[in-house]
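For reference, the structure discussed in these notes is given below.
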Amino acid sequence: MIERDSKVVSPSYTRGYPLVISKGSGCAVEDVDGNVFLDCAAGIAVNSTGHSHPAVVQAITEQAQRFLHMSGTDFYYEPQVRLAEELAAIAPMAGGVKSFFGNSGTEAIEASLKLARFATGRQNIIAFFGGFHGRTMGALAVTASKTVQRRGFGPFMPGVFHAPYPDCYRCPIGLEPETCAAECLDFIDHQLFVHLVAPDEVAAIVIEPIQGEGGYVVAPDQFLQKLSELTKTHGILIIADEVQSGMGRTGKMFAIEFSGVQPDVIAIAKGVASGMPMGISTARASLMAWPPGTHASTFGGNPVSCAAALATIKLLKDQLMANAAAVGAHLIAGLKALIDKHPLIGDVRGRGLMVGVELVKDRQTKERASEERNAVVTAAFNRGLLILGAGKNAIRFSPPLVLTREEADTAIRIFDEALTEVERRR
Ligand SMILES: Cc1ncc(COP(=O)(O)O)c(C=O)c1O
């Protein structure tokens with residue numbers, strides 16, 4: 001299968017290990033050879049309700065039997081309206097919101113950037129180092145994750161500025177988390193706004209409340225609160241990229257809710273429809289006032305994906321968000337308990353079932369253990385645990401939100417064994 005793939009599929013994909021799935025159920029994945037794996041990757045934080053949750057499959061089946069497509073940009077249908085109503089009910093913004101429907105995270109970002117420019121009449125965008133927002137040309141311009149993602153594709157959309165992300169484990173200005181008052185925000189206020197771009201020409205600041213591809217780095221609440229104050233002073237919009245951190249994964253519907261900050265626009269994708277393609281830009285209704293023809297997508301808001309999203313949101317609200325909070329706390333505690341045993345672990349962090357473990361060669365110097373990280377991911381795979389790397393040297397646990405305590409314990413045990421194997425080899 002892998003050999004056939006190599007002949008006909010784009011080699012730009014990043015496959016970390018040779019898994020060829022045959023079927024999945026809950027947190028279990030079976031490969032074509034009959035090996036069963038515990039899935040703590042969830043198709044990159046997508047299978048929020050587990051593989052093929054019966055309620056989601058039923059919703060998809062019923063909708064598929066009615067109609068598959070009608071183009072929500074040209075016609076009306078109830079699943080899209082109902083999903084927009086549901087999003088209006090769960091969006092952490094006061095006042096009305098409206099939603100634009102696309103098919104992927106990058107389209108959600110693309111729509112959000114276009115809306116920010118259109119609604120403010122301003123051109124510039126501020127984003128953060130380490131941020132990943134997608135691979136289409138606008139989203140790629142704000143992405144500052146790995147150079148391999150940008151190399152060879154420039155020039156990019158102009159008017160984009162990057163600022164340091166508040167990575168407390170590696171504080172860009174050497175402060176301790178306990179005493180941090182979000183001083184790294186000064187870079188935007190006292191460097192960017194003084195030397196490079198006037199704040200009244202900035203349309204939006206796009207931020208992941210928890211960086212995903214960047215290494216599962218959690219922005220402190222006080223940072224987001226001060227960022228919100230700064231943007232309000234200058235009439236700048238906040239676009240919360242919740243593509244990875246949203247839809248219940250952190251134990252709240254959206255990660256930004258921990259800070260109490262209300263964004264102006266939220267980009268949603270990945271877990272929203274349990275694996276069906278869906279990307280959404282949800283914005284304050286006062287902003288989403290662009291006239292017919294300004295933005296649209298043939299497949300966006302596909303009725304089958306809408307049905308999957310409605311079933312997903314119901315499951316999240318009924319049980320899975322609470323499960324993510326409880327089992328996530330258990331997983332984080334179990335991984336933290338490994339710190340004393342494994343010198344490779346530099347940091348364990350996260351919220352709910354969005355958990356990152358950063359590996360270092362040395363705890364004092366915090367030198368990044370990138371090769372060791374890759375070796376641990378492979379050693380875990382060989383033992384039946386699916387995890388993925390994030391950033392240069394972190395490992396992410398982003399399981400389906402149906403993960404049980406027992407499955408979390410299994411994941412911790414296998415991870416422990418994988419670390420032991422790699423540490424023994426050093
Ligand atoms: C935070 C974030 N934004 C945007 C994207 C892009 O999503 P997609 O791959 O669906 O285009 C990703 C994908 O990993 C992401 O993690």
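What follows draws every value from the coordinates through simple rules; no lab data is involved. From a predicted model like this one, the values you see are computed outputs, not experimental measurements. Using ideal geometry, Cβ is built from the backbone for each residue, glycine included, and neighbour counts are taken over all protein chains shown.
Within the chain, DSSP assigns beta bridges of which about 65% are antiparallel (rounded to the nearest 5). For region 147-179 and region 289-317, what is the separation of their C-alpha centers, rounded to whole Å? Region 147-179 and region 289-317 have Cα centres spaced 31 Å from each other. Qualifying trypsin sites (Lys or Arg not before Pro) in region 116-208, where qualification requires a DSSP coil assignment and no more than 11 other C-beta atoms within 10 Å, comprise Arg151. Remark on the chain: Rg and Dmax equal 21.1, 62 Å (Cα only). Once both labels are positioned 7 Å from their Cα atoms along Cα-to-Cβ, the gap between Glu229 and His69 label points is 5.0 nm. For GluC sites (Glu not before Pro), the sites in region 343-404 that DSSP calls loop and that have at most 16 other Cβ atoms within 10 Å are Glu367. Derived scalar couplings between HN and Hα for region 316-327 equal 4, 5, 5, 8, 6, 5, 5, 5, 4, 5, 6, 6 Hz in order, rounded to whole Hz, by the Karplus curve 6.51 cos²θ - 1.76 cosθ + 1.60 (θ = phi - 60°), x for Gly and Pro.
Mind checking the dipole of region 1-138: about its Cα centre, +1 per Lys or Arg Cβ, -1 per Asp or Glu Cβ, Debye to the nearest 20? Using Cβ point charges on Lys, Arg, Asp and Glu, region 1-138 gives about 540 debye.
So how far, in whole Å, is the C-alpha centre of region 70-105 from the one of region 248-288? Centre-to-centre (Cα) distance: 12 Å. Amide hydrogen proximity for Gly26: with H placed 1.01 Å from N in the peptide plane, the residues at 5 or more positions away or on another chain lying under 5 Å are His51. For region 66-99, trypsin sites (Lys or Arg not before Pro) meeting the loop criterion (DSSP other than H, G, I, E, B) and having at most 12 other Cβ atoms within 10 Å: none. Stretching the chain fully between Arg424 and Val81 yields a gain of 117.9 nm (0.36 nm per residue, less the alpha carbon separation).
When the charge dipole of region 207-300 is built from unit charges on Cβ atoms (+1 for Lys and Arg, -1 for Asp and Glu) and taken about the Cα centre, the candidate among Gly275, Gln262, Phe299 whose Cα reaches farthest toward its positive end is Phe299. The region of the chain that goes longest without hitting one of the chymotrypsin sites (Phe, Trp or Tyr not before Pro) in a DSSP loop, each with at most 11 other Cβ atoms within 10 Å, is 154-426.
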